[in-house]
Amino acid sequence: MKKEGDKLEKFYQTILTYIRKRPLLEKILLWVVKYSPYITMAIYPCIIIYLLIIQSPLLIKVLYKPLGAFLVVTIIRKLVNRPRPYETLNIEPLVSHKKGESFPSRHAVSSVIIGLVCFYVSPILGIFGVIVATIVCLSRIIAGVHYISDVLTAIAIAVLFYMI
């Protein structure tokens, strides 16, 4: 188990050292980590308003699926209360973040489920939403605030709720 933790620590240290040695890259990634979730937050109410205006029966799905996924992840996080990578490994994250409740990632589950429900409105919007979700998910890992398993579990939960 120690060897696995060492590999994980080396993984994060390698990524974070690489980024920190390139100020422009670090600045870009800090911007991405901070602002990419806002793109999802902007798309979601627009979808809701659009579906309200056209009186689409899909509105109910667009409301309950993200809400359900978000609530399930929030409950799991409280129950598990997994420490974040920077709490257990010898790394300094790119951004400051609260401690604990790392598993699963709420940013990841929210961005993925919203990206997926974008397909109800338009395939092009859905592809855009999934691309944004991918950026959000990767940025959580690269920033050192989530383990890969936090993000992969969140993605699985989002896909499950989308399929329900």
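The values are calculated or read from the model by the stated rules, or taken from the named source; none is laboratory data. What you see is a predicted model; the values in this text were computed from it and never measured. So basically every Cβ, Gly included, is an ideal-geometry build from the backbone, and we count neighbours across all protein chains shown. Heads up: the accessible areas ignore ligands, DNA and RNA and are worked out on the full protein's heavy atoms, side chains in. Shrake-Rupley method; radii C 1.70, N 1.55, O 1.52, S 1.80 Å.
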With -39,500 (n - 2.57) per DSSP H segment of 4 or more residues and division by the full residue count of the chain, the 222 nm estimate, nearest 500 deg cm²/dmol, is -25500 deg cm²/dmol
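Hey, if we sort 15, 47, 124 by accessible area with the 1.4 Å probe, largest down, what's the order? Walk me through the numbers on the way to the answer.
Values: 15 45, 47 5, 124 135 Å².
Descending accessible area places them as 124, 15, 47.
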Carbon/sulfur accessible area of the chain, % of total, 1.4 Å probe, equals 72 percent
Taking Cα atoms, the helix 106-117 axis meets the longest principal axis of the chain at an angle in degrees (rounded to 10) of 30 degrees
Reported to the nearest 10 Å², residue 128 has, with a 1.4 Å probe, an accessible area equal to 100 Å²
Total charge of the residues flanking residue 96 in space, meaning their Cβ is under 12 Å from its Cβ, with Lys and Arg +1 and Asp and Glu -1, is +3
Listed residues 98, 65, 78; largest mean-square fluctuation, Gaussian network over the chain with Cα springs below 10 Å, found at 98
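What does the charge count near residue 51 come to, summing +1 for each Lys or Arg and -1 for each Asp or Glu among other residues with Cβ under 14 Å from its Cβ?
Numbers: positive: 61, 65; negative: none.
Here the count lands on +2.
Averaged per residue, what accessible area in Å² does segment 26-105 show with a 1.4 Å probe, protein chains only?
Heavy-atom SASA per residue in segment 26-105 reads 60 Å².
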Treating only Lys and Arg (+1) and Asp and Glu (-1) as charged, each at its beta carbon, one finds that segment 73-164 has a dipole about its Cα centre, in Debye to the nearest 20, of 220 debye
Scoring segment 26-164 by relative contact order with C-alpha pairs under 8 Å, at least six apart, yields a percentage of 31 percent
With every protein chain in place, the accessible area of residue 19 for a 1.4 Å probe, in Å² rounded to the nearest 10, comes to 10 Å²
Of the residues 122, 158, 85, the Cα lying farthest along the dipole of the chain towards its positive end, which is defined by charges on the beta carbon of Lys, Arg, Asp and Glu, belongs to 85
Among 84, 20, 106, the residue with the largest mean-square fluctuation in a Gaussian network model of the chain built from Cα contacts under 10 Å is 20
Note: residue 63 to residue 163 extended length (0.36 nm per residue) minus current alpha-carbon separation gives 34.6 nm
Calc'd 3J(HN,Hα), segment 63-77, phi into Karplus 6.51 cos²θ - 1.76 cosθ + 1.60 (θ = phi - 60°), Hz, glycine/Pro = x, comes to 8, 7, 5, x, 4, x, 4, 4, 5, 4, 5, 4, 5, 4, 4
Here the net charge surrounding residue 28, from other residues whose Cβ is less than 15 Å away from its Cβ (Lys, Arg +1; Asp, Glu -1), is +4
Out of 83, 57, 45, a Gaussian network model of the chain with alpha-carbon springs under 10 Å gives the largest mean-square fluctuation to 57
Of the listed pairs 3/27; 10/99; 34/99; 27/98; 27/78; 7/99, those with alpha carbons more than 25 Å apart are 3/27; 27/78
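Starting from 0.36 nm per residue, how many nanometres of slack lie between residue 14 and residue 30 once their C-alpha separation is accounted for? The partial results should precede the final answer.
On the way: separation 16, 0.36 × 16 = 5.76 nm, distance 1.70 nm.
My answer for the length gained is 4.1 nm.
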log10 I(q)/I(0) for the chain, Debye formula on C-alpha points only (no solvent), q = 0.09, 0.11, 0.15 Å⁻¹, two decimals, reads -0.32, -0.47, -0.82
